[in-house]
Amino acid sequence: MMPIIQLGPEHLPAVIALHHKVLKLLPAKLAAHESDMFFADHMANCGHIYGVFQRGELMVYSVLGLPRPNDPNFGCDHNLSAQELADVAHIDGVAVTPALRGQGWQRKMIDHRLAAALAAGRPIALSTVAPGNLASLRSLLSCGLTIRGIAEKFGGVRYLVRRDLLAGAISRPAISDYETTSGVWWIDLVDLATQSTVLSRGYIGAGWRVRGGEIQIGYIAE
């Protein structure tokens with residue numbers, strides 16, 4: 001298996017190139033268009049960037065944000081207290097070159113960043129994902145992050161997802177098991193209005209399934 005390494009300033013051009021390569025392959029508004037400064041800042045000041053190389057070419061990168069007191073913080077979208085904001089880590093952008101897709105690299109990079117966040121003393125892992133970005137959504141849910149809200153961010157609608165690293169994980173069971181579990185409220189992915197309603201009632205999105213050709217999100221009581 002190709003090792004995951006922490007990237008430095010010498011890798012910045014490769015990260016930027018892969019970012020733009022992957023953006024061209026995605027529909028509009030599914031991923032944030034990050035600036036070159038975003039990547040440079042996360043390498044040097046407010047986080048880490050991890051990558052995977054194959055024969056000298058960057059194939060995967062992922063961003064871990066460790067926001068400083070005056071930096072943008074996803075915790076504000078979750079109405080966290082000032083004390084909790086200091087515990088936040090961002091499970092931020094990831095890019096996988098087409099040649100490696102379908103090999104579980106998104107999940108591997110999420111798990112790697114969750115471990116790094118905990119090692120950095122940041123036990124509240126937060127991320128955002130467009131509902132239509134199914135690969136990222138499934139990966140986040142399978143790694144124990146759960147949907148806690150819906151908001152307009154980064155030029156489109158985003159799920160707000162969270163995992164409390166000191167409290168264990170709510171992981172998605174096998175789909176066959178999840179479908180027969182009582183107490184799960186299945187809502188079509190496209191029905192954001194109903195999802196917003198159940199989120200406001202204290203439910204969290206913890207799983208997904210395909211039913212009748214439609215993607216559905218499974219909501220459970222927190």
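In this structure, the amide hydrogen of F53, modeled 1.01 Å from its nitrogen in the peptide plane, lies closer than 5 angstrom to those of M59, counting only residues at least 5 positions away or on a different chain. Within the chain, no whole DSSP H helix has Cα atoms reaching 24 Å or more along its own axis together with a mean Kyte-Doolittle score of at least 1.0. Solvent-accessible area assigned to carbon and sulfur over the chain amounts to 53 percent, based on a 1.4 Å probe.
So what's the net charge close to A116: Lys and Arg +1, Asp and Glu -1, counting the other residues with Cβ under 14 Å from its Cβ? Net of charged neighbours comes to +2. Quick check: Cα centre of the stretch 1-59 to Cα centre of the stretch 118-148, how many Å? For the stretch 1-59 versus the stretch 118-148, the Cα centre distance is 18 Å. Average accessible surface for the stretch 1-110: 52 Å² per residue, computed with a 1.4 Å probe over protein heavy atoms with every protein chain in place.
Modelled this way, with points 7 Å down the Cα-to-C-beta line, the labels at S35 and H20 are 1.6 nm from one another. The convex hull around the C-alpha trace of the stretch 1-59, projected and averaged over every direction, spans 4.6 square nanometres. Model label points for E222 and A99, set 7 angstrom from Cα along the Cα-to-Cβ axis, are 4.4 nm apart.
From a point 7 Å beyond the Cα of E57 in the direction of its Cβ, which residues of the stretch 78-122 have a backbone N at a distance under 19 Å? What the label zone holds, given the 19 Å backbone N cut-off, is 95-106.
Using a/c under 1.5 as the rounded threshold, could you call the chain rounded, prolate or oblate? The axes a ≥ b ≥ c are square roots of the C-alpha gyration tensor eigenvalues, and prolate needs a/b larger than b/c, oblate otherwise. Prolate shape, in that a/c is at least 1.5 and a/b is the bigger ratio.
The values are calculated or read from the model by the stated rules, or taken from the named source; none is laboratory data. None of these values were measured; they are calculated from a predicted model. We place every Cβ from the backbone using ideal geometry, glycine too, and count neighbours over all the protein chains shown. Remember, those area values only see protein heavy atoms, side chains included, never the ligands or the DNA or RNA. Shrake-Rupley method; radii C 1.70, N 1.55, O 1.52, S 1.80 Å.
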